[in-house]
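S.K.: Below is a structure I'd like to ask you about.
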Amino acid sequence: MRLIQYIKKLKSAKNSLKQQRLYVLVFTLTLWFVLSTSAIPSYSQSPTPTPRPVIEQKVRELAKSDVENDIPRRNDYAVKRFGKKSPNLKDDEILEIYDSEYTKQSEAKKNNLWEQLKPETGWSVAIVLFFILIFKDTLTTWVSQSFEFIGNQLYSKLSGSSWLRGTALKRYRKEIQEKYEKLKISFRPNRPLKLKDIYVPLKVTGTNDTDLIDAFQAVAKYSRLMVKGSPGSGKTILLKYIAFCYAEGRWADLFNKFQCVPVLVELHRFSNKELIVEQQLVEAFARDGFPNAQSFVSQSLDKNKLLLLLDGFDEVSSNERQRVVELINDFLDTHQDCPVIITCRTAVYRGEFNDFIKQTLEIVEFNDQQIRDFLVPWKSDMPPDKSVEQLMQTLHSRPRIISLARNPLMLTIIAYLYADTPVELPRSRAEFYRKAIDILLEQWHQERNQFQARDKKLILQHLALFFQDNANEQREDRRSLDWRTVEDEITSILPNFNLQPDCTRPILSEIVERNGLLLKIDGGERYQFAHLTLQEFFAASQLREKEGDLISRFKADPDAWRETLKLWCGIAGDSTNLIREVRTVDPVVAFECLADVQKIDSTLADKIINSFKSQLGANNSEDIVNHAFASVAADDRRRTDVFTFLKETLENTSETDARCKAAANVLSLTNLPPAATLLTKQYINLDNIEFRQILDQSLIRMGDIAVPEIEKAVTSNSVNQVMDVLVGIATPSALQALVNFLWSEDENRALRAALLLASLIQEEKHKDLLNACKLHERYSRQDSFDWIVKPYRAEHNLHIILQQIVFCISKKLKDPVEVIDQLYLRDLDQKLIIPICFIQALEKTEFQDSLKKLELNDFIKDYENYIQNLSGRVEESIFEYLISNLVPTYLINLVIYFQLKQLEYGTSKTVLSKQFKSDWQTLSLYVTPSTNFQSAENYFNYFSLFTRKIFSYFNNKNSYMKLRLNWNKLMDKTIYDQMQVYNNKHKKKFIISYENKPEYWNIGFDFYQKKWKGKVIINKKLARPH
């Protein structure tokens, strides 16, 4: 009996499984039917008759299916389903066909031994269930993959429809995130780095700017940008990181101005003449998970909701460049409000997009701080006997190599050589390239390489030259080639290495997968070198013995062969003839070549150098000429003459002269300690603000090389102003120098160090570096200021340093500003400065009197006058300077706070001071750096929390009513009407929304943007900025 019940259960399970499979089948067929028929237009309302043989076959299939599934005869169903399908097939004929086939299949089933066992024993069901149990995971995976396949097919057909727009953008973000979250380093194929960790914020400068800004700030400020830079300077990584931030959902925080969807397109793809800009954008979306985006692109362009990231204008072949320029300019003219960022090598860009671009910016080289930040993610890969600090010391001992290290691409190779190989870093650029290529081809695991490094190098040289030449001959881009052409080129030269044609794919695979110097792109359809610079080096190597061929190529297309020619000079023998020929085409390139050349006639070299001495500081190609001068000045063979010329120009030319400014920049690019010494001496008797900024940036560029010279200038020559540069360098040695100055016997020097450190402690990375600093041997604790320092929750060393900062500032508040002559700061940590200022303000009778009669209207209208009231009208004191550097809305809210406290506790400064110290532990939690205020809404969100906390301390209803009257009608509107107040056991809660924000928030943000700069330069000679 139990056996019968078990068999019934098995049959029931089987039927259930069959039903599920049937449902899957029906669902699949339904989706396929919708998918396949949706693309076929219908031209007639009348169904097409089905031929008789087709209907007969379907009737037989129904009968067979019914028998296999133990379904009783369904004569009526067969007639109902297939009747009238064909005019030549009658109902009785359908019955006969179905009945005959059913009988035939039933007899066949009875004669099957397996089927005979099934009814009595149920073994077949048991075995099927057994196999289902065993292959459960496989079946589940198969069903899942089937549904995924069907879903993808359906998505690919319908993704362009508006009702799938959200899904399409979600997929697009996901694919962008997966594509860019890991920075795949070609020569470390299985060890990528996270883009979020490795990305270092880039600094850019405008054509006439001496001050640097963060690249992201520039993107937020200008809707249309041209970003120039040297090869490997990080232009592509910048665009990828912008797209990655969008994918990660950090778009609003970084680029609040642009409510756009970014789309990245490599401009070398524009060599395809068949596609216009809109189609290129559609193709870009399709590559990243959003097919059929035509409608989305069109609508987004109409609404200015796309941010175009057009990468690598220099990678468009020179023959096609003008056509691409016209294509893009016409597009930008049509869509005049469409934001766009275009990148290009500095040497190639000649203002082709200037009519439609709002700002052209240049990516500047990494400073020491950026180099360190870039190297930090490599620490875990370094062996125990190596460190970032040791690598930095090695780089500083090699001026030519640290110049390379200021380029992100070259720094990546340097980090790899240092962390992953036992190689010692070379001292020249050409030697560096040679050694790097040899190591990348060998990979230090020769036992895994099937082919010789020499053979692979020769293949890469051949391909590189073919890539370079192919752009001109075939009018295609020089960055990539289709896989068939690549394989054909390799096959054609294999006999030179005694290799058979069937080695083509294995050797290509080893170069791609093991050595990482060649990459598969577009799903394996095309190949390109890991970076254009590597391609240019291999092309130079291929032409090493063919000087005439290189000269003719350069004359035909200088832009395409400029870098190749410079690299050739570093690996060839005598370059005299080549440089003489190049000079007739482009004298600047000839000058650049001197930095790399192995051998050249000294008379020709001197002639070139002397011709450019008169051009130092000229606007035309200034950056390129400066770098050439610096490279030659750093070369031991020609250092004396060029360095002496730069020194004399700096010392004997007016500060306002462009030649003097250029000499300062060039000296900093040499990375030589004597250059830092010369630059620090210029701070003595300095009276020109523009030249001061150039000197600052020059020393910052030199990084740790400049730190010892800065310390000497401060201690020996009492040039305290040069200390400000240490904030820009911000390396461990720079911060250690500032910490040492905190305990200086010169109180003005200690004050300056304290203010500089107060600007640095806003960033966590600087706090960590300060905590690692060694304390001065005479350090002492200033525990009376612990209430200010405690909210930082700092570790021991940082805690002591913060106490000393507060101590040095507090004891000098009444001093005139001359004691910090020429101080140049962008911002001070509000969390540190606010309590210092207001404890001092409570000592002033004028401040307490102003609390009794102050009205908000007057406060905002005459903000600067109120600042003077707070400072007791002491002209230009340190206290006034600090008050002027408080963010206006913090000041407004804290004045409200003290009015509330005065109404509650009276005017006793002792009581008010005690209450403020107690409350500050909580209030400080709501103070944030002013760098976070990138928009009015962002500004409001931070300060609404601070305001809410201010009023949460207010518990006296009668005093609150007095305060409302005291702050006039504006206060009545903003505080009473727009803040919802409720009383719960004498505790008030104030709720503010951005949409219904108080009027003074707009006024405060407008003041913050237009009037309050967050930086002050104080000097009798240097004008304060307005």
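The values are calculated or read from the model by the stated rules, or taken from the named source; none is laboratory data. The structure presented is a predicted model; accordingly, all values stated were derived computationally and were not measured. Reconstructed Cβ throughout: ideal geometry from the backbone, glycine too, with neighbour counts over all protein chains shown.
S.K.: Let me confirm something: among 446, 452, which residue is surrounded by fewer than 18 Cβ atoms within 10 Å (Cβ to Cβ) and modelled with pLDDT under 60? Lay out the reasoning, then the answer.
M.R.: On the way: 452 fails: modelled with pLDDT under 60.
After applying the criteria, what remains is 446.
S.K.: Please name all residue pairs, on different chains or six or more residues apart, with Cβ atoms under 6 Å, provided the first residue is in segment 320-342 and is among the aromatic types (Phe, Trp, Tyr) and the second residue is not in a strand (DSSP E or B).
M.R.: Note: pairs meeting the criteria are 331/277.
S.K.: Could you check, for segment 578-587, whether at least one of its residues is part of a helix (DSSP H, G or I) and either out of contact with any helix residue (DSSP H, G or I) (no Cβ under 9 Å at 6 or more places or on another chain) or within 27 Å of residue 705 (Cβ to Cβ) (or both)? Steps first, answer last, please.
M.R.: Pass one, segment 578-587, residues part of a helix (DSSP H, G or I): 578-585, 587.
Next, from what is left, pick out any that are either out of contact with any helix residue (DSSP H, G or I) (no Cβ under 9 Å at 6 or more places or on another chain) or within 27 Å of residue 705 (Cβ to Cβ) (or both): none.
There is no residue in segment 578-587 that is part of a helix (DSSP H, G or I) and either out of contact with any helix residue (DSSP H, G or I) (no Cβ under 9 Å at 6 or more places or on another chain) or within 27 Å of residue 705 (Cβ to Cβ) (or both).
S.K.: Okay, moving on. Those residues that are surrounded by fewer than 21 Cβ atoms within 10 Å (Cβ to Cβ) and either touching a Ser or Thr at 6+ places or on another chain (Cβ under 7 Å) or outside any helix (DSSP H, G or I) (or both), I need them from segment 331-347; list them, please.
M.R.: Answer for segment 331-347, where residues must be surrounded by fewer than 21 Cβ atoms within 10 Å (Cβ to Cβ) and either touching a Ser or Thr at 6+ places or on another chain (Cβ under 7 Å) or outside any helix (DSSP H, G or I) (or both): 335, 336, 337, 346.
S.K.: Residue 460: part of a helix (DSSP H, G or I), under 29 Å from the mean Cα position of the chain (by Cα) and either buried (at least 20 other Cβ atoms within 10 Å of the Cβ) or at pLDDT 80 or above (or both), yes or no? Let's see the steps before the verdict.
M.R.: Numbers: part of a helix (DSSP H, G or I): yes; under 29 Å from the mean Cα position of the chain (by Cα): no; either buried (at least 20 other Cβ atoms within 10 Å of the Cβ) or at pLDDT 80 or above (or both): yes.
In short, no.
S.K.: So residue 521 passes all but one of these: (1) at pLDDT 85 or above; (2) among the aliphatic types (A, V, I, L, M); (3) closer than 20 Å to residue 188 by Cα; (4) touching a Ser or Thr at 6+ places or on another chain (Cβ under 9 Å). Which condition number does it fail?
M.R.: In the conditions (1) at pLDDT 85 or above; (2) among the aliphatic types (A, V, I, L, M); (3) closer than 20 Å to residue 188 by Cα; (4) touching a Ser or Thr at 6+ places or on another chain (Cβ under 9 Å), residue 521 misses (1) alone.
S.K.: Conditions: (1) assigned to a helix (DSSP H, G or I); (2) within 32 Å of the chain's Cα centre (by Cα); (3) over 25 Å from residue 672 (Cα atoms). Residue 752 meets all but one. Number of the miss?
M.R.: (2)
S.K.: So, in segment 309-330, of the ones that are among the polar types (S, T, N, Q) and buried (at least 17 other Cβ atoms within 10 Å of the Cβ), which residue ends up farthest from the chain's Cα centre (by Cα)? So that I can check it myself, show each step before the final result.
M.R.: Narrowing segment 309-330 to residues among the polar types (S, T, N, Q): 317-319, 322, 329.
So of that shortlist, the ones also buried (at least 17 other Cβ atoms within 10 Å of the Cβ) come out as 317-318.
On the way: 317: 27, 318: 29 Å.
Applying the filter and picking the extreme gives 318.
S.K.: Residue under question is residue 767, and the condition is that it be farther than 24 Å from residue 701 by Cβ, of a type in the set (Lys, Arg) and part of a loop (DSSP other than H, G, I, E, B); does it hold?
M.R.: So residue 767 does not fit the description; no.
S.K.: While we're here: Kindly list, by first and then second residue, each pair from a residue in segment 907-930 that is within 18 Å of residue 887 (Cβ to Cβ) to a residue that is at pLDDT 80 or above and among the β-branched types (Val, Ile, Thr), limited to pairs with Cβ atoms under 7 Å and residues at least 6 apart or on different chains.
M.R.: 927/834
Yes or no, residue by residue, for (1) buried (at least 23 other Cβ atoms within 10 Å of the Cβ); (2) more than 21 Å from residue 729 (Cβ to Cβ):
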site: 659; (1), (2): no, yes
site: 668; (1), (2): yes, no
site: 673; (1), (2): no, no
site: 677; (1), (2): no, no
site: 685; (1), (2): no, yes
site: 693; (1), (2): no, no
site: 699; (1), (2): yes, no
site: 703; (1), (2): yes, no
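S.K.: Kindly check whether there is at least one residue in segment 181-192 that is assigned to a helix (DSSP H, G or I), at pLDDT 75 or above and not charged (D, E, K, R). It would help to see each step written out before you state the result.
M.R.: Of all residues in segment 181-192, those assigned to a helix (DSSP H, G or I) come to none.
No: zero hits.
S.K.: Do the conditions hold for residue 406, that is, is it outside the structural domain of residue 346 (by TED's automatic domain parsing) and within 21 Å of the chain's Cα centre (by Cα)?
M.R.: Numbers: outside the structural domain of residue 346 (by TED's automatic domain parsing): yes; within 21 Å of the chain's Cα centre (by Cα): yes.
Judged against the criteria, residue 406 is a match.
S.K.: Now for a different question. With closer than 25 Å to residue 432 by Cα, touching a residue at least 60 places away in the same chain (Cβ under 8 Å) and more than 31 Å from the chain's Cα centre (by Cα) as the only criterion, which of 574, 559, 596 stands out?
M.R.: Sole residue among the options that is closer than 25 Å to residue 432 by Cα, touching a residue at least 60 places away in the same chain (Cβ under 8 Å) and more than 31 Å from the chain's Cα centre (by Cα): 596.
S.K.: Working only within segment 769-785, note down all residues that are under 20 Å from residue 924 (Cβ atoms) and either touching a residue at least 24 places away in the same chain (Cβ under 8 Å) or within 39 Å of the chain's Cα centre (by Cα) (or both).
M.R.: Of everything in segment 769-785, those that are under 20 Å from residue 924 (Cβ atoms) and either touching a residue at least 24 places away in the same chain (Cβ under 8 Å) or within 39 Å of the chain's Cα centre (by Cα) (or both) turn out to be 770, 771, 782, 785.
S.K.: Working only within segment 886-929, note down all residues that are closer than 20 Å to residue 788 by Cα and not in a helix (DSSP H, G or I).
M.R.: Result: 886, 887, 927, 928, 929.
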